[in-house]
Amino acid sequence: MSAKGETEGMAGISKNAGSSCRTVAIHQPNYLPWLGYFRKIARSDVFVFFDNVQMPIGKSLVNRNKVLTATGAQWLTVPTRRSSEGKSIAETPIVDGSWVRKHLKTLELSYSGSPWLEPTLEIMRRAFDSRPKTIASLNVALIEDFVHFLGLPDTRFVRATDMALENSGAQTIVEILEKTGATTYLTGSGAGSMRHLDIEDLSARRIKADILSAEFAEYTQRFEPFEANLSFVDALLNIGPDATVSLLT
């Protein structure tokens, strides 16, 4: 199984395999995520889709993100069926409807003339046409295909739900790091990430915490003024894959 663009089970992530230094990142599978998400992937040896945690209640980047239109930033939302039973992201079903057509049409209108529009739409159509049943399956497929399209360095992907974890929720972070043989835990500086970060505990386990920068240079957008923190497809469709990857460094 390829190390790039395909999710692996734990068989390919043995803690004793390969280099003695291993950077591991963990993040919920988000829909068309922002540039910081891809920076995390680009700097990781192993990237774990944190799909075993409860689907967030209310508005969440798990099932939506923003792109820039002539009238300003607009949310693209994948409707999901929420449950009072506290289902995980991996178990959260997608609701059928006209949202697929709306998302594709919004990109077609907002980024018309971009030489990277058709390849981007093709990746999205392929994911949509496979009719994934859950939001996690859709997001993982999209992220892995776009990683391949961007030509990012090899990163091994694994879903937390495939790891036979003994703990649950946020308590699985340390277990994931130990199972993947992490020597460095690459994490963001957002409130959610910092809430579950115990640097002293990680240090005792000989795992270093590396806080990833959330700062990005501005790039040329079709509409002004510059709008930050959009889906990465805004950068991709405005400046292309090579320049987008340069933003991640």
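The values are calculated or read from the model by the stated rules, or taken from the named source; none is laboratory data. These numbers come from a predicted model, not from an experiment. Neighbour counts run over all protein chains shown; Cβ positions are idealised from the backbone, glycine included.
Per-structure values
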read-out: Condition met for SER189 (closer than 15 Å to ILE26 by Cβ and exposed (fewer than 14 other Cβ atoms within 10 Å of the Cβ)); value: yes
read-out: ASP162 vs. criteria within 20 Å of ILE89 (Cα to Cα) and within 18 Å of the chain's Cα centre (by Cα); value: yes
read-out: Residue within the stretch 217-233 that is assigned to a strand (DSSP E or B), touching a residue at least 12 places away in the same chain (Cβ under 8 Å) and either surrounded by 19 or more Cβ atoms within 10 Å (Cβ to Cβ) or in contact with a Leu (Cβ under 9 Å, 6 or more places away or on another chain) (or both) present; value: yes
read-out: Among (1) under 16 Å from VAL46 (Cβ atoms); (2) surrounded by 18 or more Cβ atoms within 10 Å (Cβ to Cβ), the one test that ASP210 misses; value: (2)
read-out: Out of GLU118, GLU108, sole residue that is assigned to a helix (DSSP H, G or I) and exposed (fewer than 12 other Cβ atoms within 10 Å of the Cβ); value: GLU118
read-out: Candidates SER189, SER203, SER213, filtered to the one that is part of a helix (DSSP H, G or I) and small (Gly, Ala, Ser); value: SER203
read-out: Check on ASN167, within 29 Å of GLU91 (Cβ to Cβ), in contact with a helix residue (DSSP H, G or I) (Cβ under 8 Å, 6 or more places away or on another chain) and either part of a loop (DSSP other than H, G, I, E, B) or of a type in the set (Asp, Glu) (or both); value: yes
read-out: Complete set of residues in the stretch 139-159 that are in contact with a helix residue (DSSP H, G or I) (Cβ under 8 Å, 6 or more places away or on another chain), surrounded by fewer than 22 Cβ atoms within 10 Å (Cβ to Cβ) and at negative phi; value: ALA141, ASP145, VAL147, PHE149, LEU150, LEU152, PRO153, THR155, ARG159
read-out: Residue among LEU237, LEU248, LEU212 that is of a type outside the set (S, T, N, Q) and touching a Ser or Thr at 6+ places or on another chain (Cβ under 6 Å); value: LEU237
read-out: Single condition LEU117 does not satisfy, out of (1) of a type in the set (A, V, I, L, M); (2) closer than 21 Å to VAL78 by Cβ; (3) in contact with a strand residue (DSSP E or B) (Cβ under 8 Å, 6 or more places away or on another chain); value: (3)
read-out: Condition met for VAL100 (under 26 Å from LYS59 (Cβ atoms) and without any contact (Cβ under 8 Å) to a residue 24 or more places away in the chain); value: no
read-out: Matching option when the condition is in contact (Cβ under 8 Å) with a residue 60 or more places away in the chain and touching a helix residue (DSSP H, G or I) at 6+ places or on another chain (Cβ under 8 Å), among LEU202, LEU186; value: LEU186
read-out: Subset of the stretch 166-178 that is surrounded by fewer than 20 Cβ atoms within 10 Å (Cβ to Cβ) and touching a residue at least 60 places away in the same chain (Cβ under 8 Å) - its residue that is nearest to ARG22 (Cα to Cα); value: GLU178
read-out: Flag if ILE123 is among the β-branched types (Val, Ile, Thr) and in contact with a His (Cβ under 7 Å, 6 or more places away or on another chain); value: no
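Listed here are the residues, each with its yes/no results for (1) among the hydroxyl-bearing types (Ser, Thr, Tyr); (2) modelled with pLDDT of 95 or more.
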| residue | (1), (2) |
| --- | --- |
| TYR111 | yes, yes |
| ARG125 | no, yes |
| PRO132 | no, yes |
| GLY151 | no, yes |
| ALA164 | no, no |
| LYS179 | no, yes |
| ALA182 | no, yes |
| GLY192 | no, no |
| ARG195 | no, no |
